[in-house]
Amino acid sequence: MPLERLTSARQLSIPVLNEIFSQARKMRDICKSQGRTNLLADKMIGLVFLEPSSRTLLSFQSAAQRLGAGIVFIQGVGSTSFEKGESLSDAIRVVSGYCDLIVARLPKSGDAQIASDASSVPFINAGDGGNEHPTQSLVDTFTVSEELGTLSNLQYTFGFDPLQSRSIHSLCLVLSQFDNIGFDFISPPELRAPSWLVEQCKNRGIRVTESARLADLKNPDVIYLNRLQEERFPDRSLFEKYRYEYRLTPEQIPASTRLILDPLPRVDEIALEVDQLPIAGYFRQAQNGVYIRMALLAMLLGRAIA
Ligand code: NCD
């Protein structure tokens, strides 16, 4: 069945992933050879971003415009009818009359499903609260696949806020389909990975360990870090307690490490000196966001490139 609505990384089976990656490589060729195309010149994309965003918003804008599509957008609740008390369902229903596909970043867990149900056009979840970020998981897995040539037989370390990082949640869901994978979660005790995620990974045969000490870094192939999700802490003192304690420096990186990723923004979780290492892949990862999002827009609008 063709992908029409992307609300969760649970929809990203290995065949779907392979198709998206193949389209993304074609999009990269287009960007490098001609910069843009008119594949979606007759389409209008609606971007509804009610939470802060730089990379996801700009890479979707860049993707839409490189494909020749027009854009309508809402950025932040301040200037919209949400301020007047309009429901998410009503707002999305209206926006879906103005465009051919909606991309939405929404503040609460579960909002993506509500919005997708209300939309009469294809829908993409660009992050719903602390729940999921499926397009980021595509960017991440595409980057691992391009840089290491495989998504199987890899040991991952995830830090440092697996409880609240939607990027880590979606990425683990996608990766857990591959063979011979291990996940080591490193976080303060209060920010351990949610039990539903750990259960699901274990049920799929993933080796899972959890530790509170950065010094316990085992022998990862990939280190995937994301900042402590400051805006999601119910108790700010907890954020202040840990913000400088969990920071990766070059000396702490085990020799086994082949790639370091971060969905960005980087705040305190990676020391600046790490940027000089060839295995620091996070800026290349951000660049891949445009190709993946071009692929998604084309595929969800039934315009995959032959
Ligand atoms: C992530 C997000 O918004 O969840 N950023 C992104 O989309 N690249 C990670 C984060 O904000 O920490």
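Here, each number is a calculation from the coordinates, and none is a lab measurement. Model, not experiment: these values are computed from the prediction. Ideal geometry is used to build each Cβ from the backbone, glycine not excepted, and the neighbour counts take in all protein chains shown.
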Item to check | Solvent-free Debye scattering, log10 I(q)/I(0), computed from the Cα coordinates of the stretch 68-108 at q = 0.20, 0.21, 0.35 Å⁻¹ | outcome: -0.66, -0.73, -1.47
Checklist outcome for this item: For LYS218, the aspartates and glutamates lying under 16 Å Cα to Cα, once residues fewer than eight places off in the same chain are dropped, come out as ASP184, GLU210, GLU251
Checklist outcome for this item: Lys and Arg at +1, Asp and Glu at -1: neighbours of PRO265 with Cβ under 9 Å from its Cβ sum to +2
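Where in the chain lies the longest segment free of chymotrypsin sites (Phe, Trp or Tyr not before Pro) that are both loop residues by DSSP (not H, G, I, E, B) and have at most 16 other Cβ atoms within 10 Å?
The segment 99-243 is the longest one with no such site.
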Checklist entry - Dividing the alpha-carbon Rg of the stretch 165-290 by 2.2 N^0.38 Å yields what? => result 1.05
Item to check | Hz values of 3J(HN,Hα) by residue in the stretch 165-175 - Karplus curve (6.51, -1.76, 1.60), Gly and Pro given as x | outcome: 7, 5, 5, 5, 4, 5, 5, 4, 4, 5, 5
Next on the checklist: Give me the base-10 log of I(q)/I(0) for the chain at each q in 0.06, 0.08, 0.13 Å⁻¹, Debye formula, one uniform scatterer per Cα, rounded to two decimals.
Outcome noted: -0.19, -0.34, -0.92
Checklist entry - Within the P(r) computed for the stretch 136-206, what percentage of the Cα pairs occupies the region above 19 Å? => result 28
Item to check | Convex hull volume per residue for the stretch 92-240, taking Cα atoms only, in Å³ | outcome: 124
Next on the checklist: Using the basic label-point model (7 angstrom from Cα toward the beta carbon), what is the ASP42 to ILE14 distance in nanometres?
Outcome noted: 3.8
Item to check | Part-to-part distance (alpha-carbon centres) for the stretch 219-242 and the stretch 125-184, which is given in Å | outcome: 16
Item to check | Semi-axis lengths (Å, descending) of the ellipsoid that matches the C-alpha gyration tensor of the stretch 66-137 | outcome: 17, 17, 12
Next on the checklist: Tell me the net charge near SER89. Cut-off is 12 Å between Cβ atoms, SER89 excluded, with +1 for each Lys or Arg and -1 for each Asp or Glu.
Outcome noted: -3
Item to check | Point-to-point label distance, TYR244-VAL94, nm (Cα→Cβ direction, 7 Å offset) | outcome: 4.7
Item to check | Rg followed by Dmax, in Å, when the stretch 88-172 is reduced to its Cα trace | outcome: 15.4, 46
Item to check | Pairwise centroid distance, computed over Cα atoms, of the stretch 77-117 with the stretch 269-293, Å | outcome: 31
